[in-house]
Amino acid sequence: MDLIRTSEGISRKALADKTGLSATATGTIVSSLLDDEYIQEKGLGKSSGGRKPVILELKPRSYFAFGFDIDSHCLYTIVMDITGDVIYKRKRENQNDFTPQQAIKTITKEYTKAVTKLKLSEDKILGVGVSVPGILDIVSKKIILAPNLGWSMVELLEPLKSALDIPVYLDNESMCSASCENWLGLCKDVEDFICINIESGIGSGLFLRGKAYRGISGSAGEVGHIPVNESGPVCKCGNVGCLETIASINGMVARANKSKKNNHDIGKTFNELLKNAREGDEECLRVLKEGAVSLGKAIAYLINTINPQKIVLGKRFPDYSELVIDVIRKTAKKYALTYPASQSEIIPSSFGEDSSALGAAIIPIRKLFGR
């Protein structure tokens with residue numbers, strides 16, 4: 001099935017050649033996949049002599065996966081079919097102090113609402129992926145710490161399994177975004193890359209040698225807690241001057257509103273900050289560029305230590321990339337070693353703020369393909 005997916009159309013003979021299976025064994029497996037509606041025949045391919053081969057492809061709208069992304073201010077819902085096509089998306093604003101119990105209740109409600117609206121048969125639902133902004137235990141998937149949610153030592157997986165009565169998978173939000181880039185986006189053919197999410201906090205997901213890298217405790221990628229300013233603000237993690245206090249959307253809004261040079265109210269939201277920056281507000285532009293410089297320095301450390309081919313900046317970053325991407329690239333180039341910096345590309349994500357929900361939906365689909 002994965003060969004059919006990555007080939008975007010392939011014949012039975014080509015499958016047999018690539019897998020080393022006999023024509024009979026290949027035909028038996030293909031017949032089973034056709035019967036179960038995982039794949040379909042889409043027409044005839046080109047022939048090098050003799051009959052034209054029948055081309056196989058994944059069957060759209062046959063099986064589905066749900067993805068939920070729990071953020072500090074909202075819950076994103078995605079429903080995707082096995083081809084990667086999104087058939088449903090929704091963004092729901094959360095109440096302040098969104099608790100684990102509220103998360104379980106809300107996800108259950110949103111799942112039921114989508115199943116009913118789309119008229120999905122539950123035997124066609126592969127499972128539910130849930131993305132959380134925090135550190136997860138690598139084995140139990142217990143949420144060890146999610147500072148931007150105010151959660152610590154939270155068990156979410158088993159209660160969700162009980163509530164939904166369907167396979168549920170839990171992962172870090174930045175790893176979900178990286179998985180999205182690997183499966184559908186700019187890094188489908190990239191072995192070594194980092195996806196950095198800019199949101200209320202900052203995190204990253206790493207793929208090394210083509211596989212997700214999590215570290216010994218599952219906490220690899222917490223770049224938002226790289227110290228960049230010893231005299232900076234206190235971070236929610238308890239340390240001082242973490243990157244996300246300077247370069248996250250919450251950090252930038254807080255700094256803009258507290259600036260002594262700012263003699264007018266720029267507003268309470270990041271969208272208002274961006275609007276004012278685009279209209280030429282020097283203070284708003286300064287805050288964005290200071291965040292970009294700090295992010296560029298952190299990326300330089302990553303280039304020097306991990307040496308990725310691509311650094312993808314996602315979540316809210318594409319909303320304002322044109323204002324700061326050059327600053328980030330110049331800063332990273334200045335502080336990174338020359339040769340590795342010349343081999344690394346810093347780019348905005350092709351996805352937006354729902355990238356983690358997309359990546360969460362991909363988890364059950366990856367399981368289907370044995371990935």
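Can you tell me which of Ser152, Ser140 is without any contact (Cβ under 8 Å) to a residue 40 or more places away in the chain, under 17 Å from Leu170 (Cα atoms) and touching a Leu at 6+ places or on another chain (Cβ under 6 Å)? Walk me through it before giving the result.
Numbers: Ser140 fails: touching a Leu at 6+ places or on another chain (Cβ under 6 Å).
Just a single option satisfies the conditions, and that option is Ser152.
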Number of the condition not met by Ser350 [criteria: (1) closer than 30 Å to Thr77 by Cβ; (2) crowded, with 17+ Cβ neighbours inside 10 Å; (3) not aliphatic (A, V, I, L, M)]: (2)
Search result, residues across region 6-53 that are in a loop (DSSP other than H, G, I, E, B), surrounded by fewer than 16 Cβ atoms within 10 Å (Cβ to Cβ) and under 32 Å from the mean Cα position of the chain (by Cα): Glu8, Gly9, Asp36, Glu37
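Which residues, counting only those in region 54-76, are part of a loop (DSSP other than H, G, I, E, B) and either farther than 20 Å from Ile4 by Cβ or touching a helix residue (DSSP H, G or I) at 6+ places or on another chain (Cβ under 6 Å) (or both)?
If the condition is that a residue be part of a loop (DSSP other than H, G, I, E, B) and either farther than 20 Å from Ile4 by Cβ or touching a helix residue (DSSP H, G or I) at 6+ places or on another chain (Cβ under 6 Å) (or both), then Tyr63, Asp71, Ser72, His73 are the ones that fit.
Quick one: would you say Lys59 is over 21 Å from Leu368 (Cα atoms) and of a type outside the set (A, V, I, L, M, F, W, C)? First the steps, then the outcome.
Numbers: over 21 Å from Leu368 (Cα atoms): no; of a type outside the set (A, V, I, L, M, F, W, C): yes.
No; evaluated as a whole, the condition is false for this residue.
From Tyr301, Tyr339, which residue is free of Cβ contacts under 8 Å to residues at least 24 places away in the same chain and among the aromatic types (Phe, Trp, Tyr)? Don't jump to the end; show me each part of the working.
Details: Tyr301 fails: free of Cβ contacts under 8 Å to residues at least 24 places away in the same chain.
One residue alone meets the criteria, Tyr339.
From the set of residues in region 220-231 that are in contact with a Ser or Thr (Cβ under 8 Å, 6 or more places away or on another chain) and surrounded by 18 or more Cβ atoms within 10 Å (Cβ to Cβ), which is farthest from Leu243 (Cα to Cα)?
As a first pass, look at region 220-231 and keep what is in contact with a Ser or Thr (Cβ under 8 Å, 6 or more places away or on another chain): 221-224, 228-229.
Right, trim to surrounded by 18 or more Cβ atoms within 10 Å (Cβ to Cβ) and you get 221-224, 228.
Numbers: Gly221: 13, Glu222: 10, Val223: 7, Gly224: 5, Val228: 6 Å.
Per the stated criteria, the residue is Gly221.
Which of the following residues is under 30 Å from Tyr38 (Cβ atoms) and either in contact with a Pro (Cβ under 7 Å, 6 or more places away or on another chain) or not β-branched (Val, Ile, Thr) (or both): Thr108, Thr83, Thr116?
Working: Thr108 fails: either in contact with a Pro (Cβ under 7 Å, 6 or more places away or on another chain) or not β-branched (Val, Ile, Thr) (or both); Thr116 fails: either in contact with a Pro (Cβ under 7 Å, 6 or more places away or on another chain) or not β-branched (Val, Ile, Thr) (or both).
When all the criteria are applied, what remains is Thr83.
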Residue match in region 77-100 (condition: of a type in the set (Val, Ile, Thr), part of a strand (DSSP E or B) and either surrounded by fewer than 18 Cβ atoms within 10 Å (Cβ to Cβ) or on the phi > 0 side of the Ramachandran plot (or both)): yes
Number of the exception - Gly314 against (1) touching a Phe, Trp or Tyr at 6+ places or on another chain (Cβ under 7 Å); (2) over 30 Å from Ala212 (Cα atoms): (2)
Failed condition for Ile29, given (1) at pLDDT 95 or above; (2) within 30 Å of Met153 (Cα to Cα): (2)
Filter pass, Ile328 being assigned by TED's automatic domain parsing to the domain that holds Ile202 and within 22 Å of the chain's Cα centre (by Cα): yes
Lone unmet requirement of (1) more than 30 Å from Val132 (Cβ to Cβ); (2) surrounded by 17 or more Cβ atoms within 10 Å (Cβ to Cβ); (3) β-branched (Val, Ile, Thr) for Ile246: (1)
Near pairs, Cβ below 7 angstrom, 6+ apart or cross-chain, from region 27-38 (more than 16 Å from Ile10 (Cβ to Cβ) and aliphatic (A, V, I, L, M)) to any residue that is in a helix (DSSP H, G or I) and at pLDDT 95 or above: none
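So which residues in region 208-219 are surrounded by 16 or more Cβ atoms within 10 Å (Cβ to Cβ) and at pLDDT below 90, if there are any at all? Steps first, answer last, please.
Narrowing region 208-219 to residues surrounded by 16 or more Cβ atoms within 10 Å (Cβ to Cβ): 212-214, 218-219.
Across region 208-219, the qualifying residues are Gly218, Ser219.
Just to be sure, is Leu3 under 30 Å from the mean Cα position of the chain (by Cα) and surrounded by fewer than 16 Cβ atoms within 10 Å (Cβ to Cβ)?
Working: under 30 Å from the mean Cα position of the chain (by Cα): yes; surrounded by fewer than 16 Cβ atoms within 10 Å (Cβ to Cβ): yes.
The answer is yes for Leu3.
Taking Phe64 as the residue in question, decide whether it is of a type in the set (Phe, Trp, Tyr), under 28 Å from Ile135 (Cβ atoms) and at pLDDT 95 or above.
In short, no.
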Helices (runs of 4 or more DSSP H) lying entirely in region 318-370 (those with 2 or more residues that are closer than 30 Å to Ile39 by Cβ): 355-368
Residues (at pLDDT below 90 and aliphatic (A, V, I, L, M)) located in region 188-207: none
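Residue by residue, here is whether (1) touching a Ser or Thr at 6+ places or on another chain (Cβ under 6 Å); (2) farther than 30 Å from Ala65 by Cβ; (3) not acidic (Asp, Glu) holds:
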| residue | (1), (2), (3) |
| --- | --- |
| Leu288 | no, yes, yes |
| Leu295 | no, yes, yes |
| Gly314 | yes, no, yes |
| Phe317 | no, no, yes |
| Ile325 | no, yes, yes |
| Lys330 | no, yes, yes |
| Ile347 | no, no, yes |
| Ala361 | no, no, yes |
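The values are calculated or read from the model by the stated rules, or taken from the named source; none is laboratory data. Treat the numbers as computed from the prediction; the structure is a model and nothing was measured. Virtual Cβ from ideal backbone geometry, glycine too; neighbours counted across all protein chains shown.
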